[in-house]
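Novice: Got a structure for you, written out below as structure tokens; questions coming shortly.
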Amino acid sequence: MTCTKLVLALTLCASSVVAQGGGSLRIGTAAVPHVPEKGSVERKTIVDALRAPVEKRLKQPVIFRIDHLRVQNNWAFLSGQPQNSAGSAIDYTNTVYQDAVDSGAFDDGIVALLRKVNDKWTVVQYVIGATDVPYVRWDKKYRAPKGIFIQ
């Protein structure tokens, strides 16, 4: 197949996907980052995967106020605030974060990187209370797509 025919075939294929209302166009393994809709199964499974280790670490039930959630190529990056089950601020008393809170070196946020392997979302890394940008090199360290992170 000549280059011209290949380009034409890809163009026609892309047009067909768009015309039929198909999902994201994928060429090779690349996909466009997307934001899972509120209430979607995808969003729930990502958040639930993060919830388990965070609840264990904070020793209390949590929900998340999500400010940023993007998914691409089986990777997800989330930024937000953990909250108690009533939607209020977490009480960090008697947690590993208490000293940081007391010293003023704590920002009440969470960032997390998750990866989907064998149809299951797992937490690769998460940080609670960072006063800097802990994920600045996560794309390189974990080979995660740059497009999911806050730019």
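Novice: For every other residue with a beta carbon closer than 10 angstrom to the beta carbon of ASN74, add +1 if it is Lys or Arg and -1 if Asp or Glu, then tell me the sum.
Specialist: Result for the local shell: +1.
Novice: Next up: Find out how many positive minus negative residues lie around PHE149, taking Lys and Arg as positive, Asp and Glu as negative, among other residues whose Cβ is under 15 Å from that of PHE149.
Specialist: Once positives and negatives cancel, what remains is +4.
Novice: In whole angstrom, how far apart do the alpha carbon centroids of the range 27-102 and the range 108-151 sit?
Specialist: Centre-to-centre distance over Cα atoms comes out at 11 Å.
Novice: Residues with beta-carbon under 9 Å from that of THR122, excluding THR122: net charge, scoring Lys, Arg +1 and Asp, Glu -1?
Specialist: Details: positive: ARG115, LYS116, LYS120; negative: none.
So the environment of THR122 carries a net charge of +3.
Novice: OK, next. May I ask you to list the lysines whose Cα is less than 30 Å away from that of LYS56, ignoring any residue fewer than eight positions away on the same chain?
Specialist: LYS38, LYS44, LYS116, LYS120, LYS140, LYS141, LYS146
Novice: Under a point-charge model restricted to the Cβ atoms of Lys and Arg (+1) and Asp and Glu (-1), what is the dipole moment magnitude of the range 110-151 relative to its Cα centre, in debye to the nearest 20?
Specialist: For this selection, approximately 220 debye.
Bear in mind that the values in this text are calculations on the coordinates, not laboratory data. Values in this document were obtained by computation on a predicted structure and should not be read as measured data. Glycine also receives a Cβ, built like all others from the backbone with ideal geometry; neighbour counts cover every protein chain displayed.
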